[in-house]
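First comes the structure, then the notes that go with it.
The values are calculated or read from the model by the stated rules, or taken from the named source; none is laboratory data. Keep in mind it's a predicted model, so treat the numbers as computed, not measured. Every residue, glycine as well, gets a Cβ built from its backbone with ideal geometry; the counts of neighbours run over all protein chains shown. When the accessible area is computed, the model is the full protein with side chains, heavy atoms only, and any ligands, DNA or RNA have been set aside. Shrake-Rupley method; radii C 1.70, N 1.55, O 1.52, S 1.80 Å.
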Amino acid sequence: PVSVKVDMAGGTFTVYGEIGDRNDMSGLDLTVTARGASLDDLNAVAGGSVPDLGEYDLSLNVGGGGDAIDIENLKARLGGSDISGRAATRKNDRRPSFTADLKAEVLDLDALMRPSNQSGGDDDAGNRGDKTGGKADDGAGVDDGAIARLFNDVPIAAGPLRDVDGAIKILARE
């Protein structure tokens with residue numbers, strides 16, 4: 001049996017359940033949760049620049065193991081967004097694959113794209129797609145405002161993605 005609870009960075013993280021064979025990590029039957037007051041609090045631990053989106057709450061079940069991992073009963077609340085669904089990874093002789101089938105009652109892309117120095121609310125002028133965080137551009141090409149976003153405008157190296165098959169479906173009501 002596995003039973004781990006960690007309180008850190010303003011959050012509580014748990015993993016409990018069973019791992020059938022720890023040598024090849026097969027026979028997984030785990031429940032994972034993460035809850036906290038602010039995703040931004042994880043920056044100190046993760047060494048990243050995650051924006052402050054408010055409270056987060058995540059729960060999911062992990063099954064399978066080895067070459068096939070299934071994530072079921074995924075439920076995530078991140079700020080004003082909520083996502084539920086399932087995901088799976090497969091590793092076969094040809095190439096690995098990842099699939100996800102997700103649903104959201106609310107998917108707040110404005111908040112997910114907001115620069116980290118902006119707080120929530122509809123009164124924030126310039127926070128939707130403005131990399132300067134609402135500051136005037138001085139023409140020097142240097143952005144003094146933090147641009148840490150959950151989804152930022154830093155290019156992603158696509159090379160490694162060519163070696164993986166994947167499909168992510170998201171159905172959002174709002």
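Here are the numbers for this structure:
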item: Residue check for THR31: closer than 29 Å to ASP163 by Cβ, without any contact (Cβ under 8 Å) to a residue 40 or more places away in the chain and among the hydroxyl-bearing types (Ser, Thr, Tyr); result: no
item: Filtered residue count, the range 63-78, keeping only those that are of a type outside the set (D, E, K, R), under 16 Å from the mean Cα position of the chain (by Cα) and surrounded by 17 or more Cβ atoms within 10 Å (Cβ to Cβ); result: 4
item: Tabulated pairs, the range 98-112, first aromatic (Phe, Trp, Tyr), second assigned to a strand (DSSP E or B), C-beta under 6 angstrom, 6+ apart or interchain; result: PHE98/THR89; PHE98/GLY166
item: Complete set of residues in the range 60-87 that are without any contact (Cβ under 8 Å) to a residue 24 or more places away in the chain and farther than 25 Å from LEU39 by Cβ; result: ALA68, ASP70
item: Candidates ASN117, ASN92 - the one that is open to solvent by 50 Å² or more (accessible area, probe 1.4 Å) and either at pLDDT below 65 or in contact with a His (Cβ under 9 Å, 6 or more places away or on another chain) (or both); result: ASN117
item: Some residue of the range 39-47 being more than 24 Å from ALA111 (Cβ to Cβ) and among the acidic types (Asp, Glu); result: no
item: Qualifying residues in the range 7-27 (those that are modelled with pLDDT of 95 or more and open to solvent by less than 70 Å² (accessible area, probe 1.4 Å)) - the one nearest to the chain's Cα centre (by Cα); result: PHE13
item: Breaking point among (1) loosely packed, with under 10 Cβ neighbours inside 10 Å; (2) at pLDDT below 80; (3) basic (Lys, Arg), for ARG173; result: (2)
item: Options LEU78, LEU74, LEU107, LEU150: the member that is in contact with a Phe, Trp or Tyr (Cβ under 6 Å, 6 or more places away or on another chain) and either on the phi < 0 side of the Ramachandran plot or modelled with pLDDT of 80 or more (or both); result: LEU78
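Yes/no per residue for (1) of a type in the set (Asp, Glu); (2) modelled with pLDDT under 85; (3) open to solvent by 60 Å² or more (accessible area, probe 1.4 Å):
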| residue | (1), (2), (3) |
| --- | --- |
| VAL4 | no, no, yes |
| ALA37 | no, no, yes |
| GLY47 | no, yes, yes |
| VAL50 | no, yes, no |
| ASP57 | yes, no, no |
